[in-house]
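Shown next, in structure tokens, is the structure this report addresses.
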Amino acid sequence: MAIRNIRTLGDEILTKHAKEVTQMTPKLKELIGDMFDTMYEANGCGLAAPQVGIRKRLVVIDCGDEPYVLINPEILETDGEQTGQEGCLSVPGKVGIVTRPNYAKVKALDENMNEYIIEGTELLARCLCHEIDHLNGIMYVDKVEGQLMDTEEENED
């Protein structure tokens with residue numbers, strides 16, 4: 001597996017709508033592995049294919065419970081609301097306050113192209129919504145309430 005370059009705010013691909021995945025290929029399997037490696041290397045909990053320069057409807061998420069691959073994810077239902085700090089690997093060193101659903105139910109395909117439903121609350125719900133937004137060319141900075149702030153690690157220096 002390989003670490004891919006993460007595209008950052010201002011890169012045009014991050015504003016484009018990603019294309020549906022129609023079949024699993026060896027190249028796509030490799031991309032999934034690379035995306036997990038890239039996400040872990042950058043200490044993230046989610047990564048969308050456009051963030052590594054690929055306009056495919058593909059997301060990887062690992063909020064600590066288990067890793068998920070979501071191909072062509074679609075939000076079926078949301079409920080409640082949570083407001084908190086959110087960051088993004090494509091906006092390094094910054095966080096902002098964003099309101100998201102506290103519950104999300106998503107239909108997606110796994111790496112074997114089998115359909116499944118994932119339901120999450122709190123951090124997982126936030127990750128699901130954040131990453132699916134990436135597939136639609138939406139970044140969290142478009143939803144920030146107030147100003148972006150430096151991450152705490154930078155403030156401690």
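Read the figures in this text as sums done on the coordinates, not as results from a lab. This is a predicted model, so every value here is computed, not measured. For neighbour counting, all protein chains shown are included, and Cβ atoms are generated from backbone atoms with ideal geometry for every residue, glycine included.
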*Note down the nm distance, to one decimal, between modelled labels 7 Å out along Cα→Cβ at Met149 and at Lys29.*
4.5 nm
*Count of lysine pairs in region 12-156 with Cα separation under 26 Å (8 or more residues apart, or interchain)*: 25
_region 81-157: GluC sites (Glu not before Pro) in DSSP coil with no more than 14 other Cβ atoms inside 10 Å_ = Glu81
*For the residue pair Ile138 and Asp65, what label-to-label distance in nm results when each label sits 7 Å from Cα along the Cα-to-beta-carbon direction?*
2.2 nm
*Can you pull the one-decimal nm distance between simple spin-label points at Thr83 and Thr99, each 7 Å off the Cα toward Cβ?*
0.6 nm
*List Leu148, Leu31, Leu70 from most exposed to least, where exposure is judged by having the fewest other Cβ atoms within 10 Å.*
Leu148, Leu31, Leu70
_Stretch gain in nm, segment Asn114-Glu74, where the contour uses 0.36 nm per residue and the Cα spacing is subtracted_ = 13.0 nm
*For a footprinting-style exposure proxy, rank Val52, Val59 by other Cβ within 10 Å, fewest first.*
Val52, Val59
*Hey, what angle do you get for helix 122-135 against the long axis of the chain, alpha-carbon based, 0 to 90 degrees rounded to 10?*
70 degrees
*Lys19/Ala42 FRET efficiency (R0 22 Å; Cβ-Cβ; nearest 0.05)*: 0.35
